[in-house]
Structures are given as structure tokens and as C-alpha cells.
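The values are calculated or read from the model by the stated rules, or taken from the named source; none is laboratory data. Just so it is clear, the model here is predicted, and its values are computed rather than measured. Neighbour counts run over all protein chains shown; Cβ positions are idealised from the backbone, glycine included.
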Amino acid sequence: LSGTLATMGPGVPYAIGAKFAHPDRPAIALVGDGAMQMNGMMELVTAAKYWREWSDPRLVVAVLNNGDLNQVTWEMRAMSGAPQFEESQAIPDLPYADIAQRIGLDGVRVEKPKHVESAWDQALAADRPFVIDFRTDPAVP
């Protein structure tokens, strides 16, 4: 869980740890795109290596993809009244679901609210770890 100390990146590794503790249960990680780029993508490689050992292979990574280090943006705005400093907070738009598919996992990119429910249905019915790449609005805290 990220907090005011700007801890980034533990969601996917924590979910993988949960799968090793309880391989018979689904695990869900909700992460931002900054955390996903920091280490979540490489942890998908870990999931790709081990998921066949889990009796329930469901591991869902939901990426809130807004192209911004949003926690930093809103922390700066709320705590110091500073405007967004795009040069230090904008991050590349990566196709997280496609990346998951290329390493043997599954995933879908969601760009419209009407597709949210079906994406969750797909993810929770998947026979392997699944990434949902949710396009979100960086202007919404």
C-alpha cells in the first residue's frame, strides 16, 4: 500500500507473495502505471515463471494507466500547492496487457467505462495471470 512516503511498486510482488502463501486463492493487485513501470512489469516475468505451480492460477493486475506519476502530482498539489511539473511526472504509455500476452499471460486494455465489467469478468475467469490496462484520467485525483 503506497502512503505519504511515496512507496511505489509493491503491489505486484505482494500479490505474487500472496499466491505463494495461498496458491488456492485468487490475488488482485491494483497498481498505478508508475509502479507498474518501476518493477511490476518485471514481476510479471516472475508470475509467468511460477503460475503453473498455483492450484488457482488467477492473479489479476489492474493497472490504472494515466501516463502520470499521479500520487506525486496530487501530493504536490495538496501539500504544497505546487502545479503539476510534467517534466518529472509524465511517463511513457506502455501496452501492459500486450506485454503480459507476449510472455504467456493474458490481458485486455480498457478504454471505455462500458468495458470495465467485462474486463473484470474475463480476468476473474482466466486460466492464468491477467493484466487489465485501465486507461484513466490523470486530472482526476
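Results, tabulated for the structure shown:
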item	result
Meets criteria (at pLDDT 95 or above and assigned to a helix (DSSP H, G or I)) for Trp74	no
Count of segment 43-61 residues which are hydrophobic (A, V, I, L, M, F, W, C) and surrounded by fewer than 23 Cβ atoms within 10 Å (Cβ to Cβ)	5
Selection count where residues are loosely packed, with under 11 Cβ neighbours inside 10 Å and in contact with a Phe, Trp or Tyr (Cβ under 8 Å, 6 or more places away or on another chain), scope segment 128-140	0
Filter result (assigned to a helix (DSSP H, G or I) and surrounded by fewer than 22 Cβ atoms within 10 Å (Cβ to Cβ)) within segment 17-42	Gly17, Ala18, Phe20, Ala21, Gln37, Met38, Asn39, Met41, Met42
Segment 103-119, residues that are acidic (Asp, Glu) and in contact with a strand residue (DSSP E or B) (Cβ under 6 Å, 6 or more places away or on another chain)	Asp106, Glu111
Residues that are in contact with a Leu (Cβ under 7 Å, 6 or more places away or on another chain) and surrounded by fewer than 17 Cβ atoms within 10 Å (Cβ to Cβ), drawn from segment 100-127	Ile103
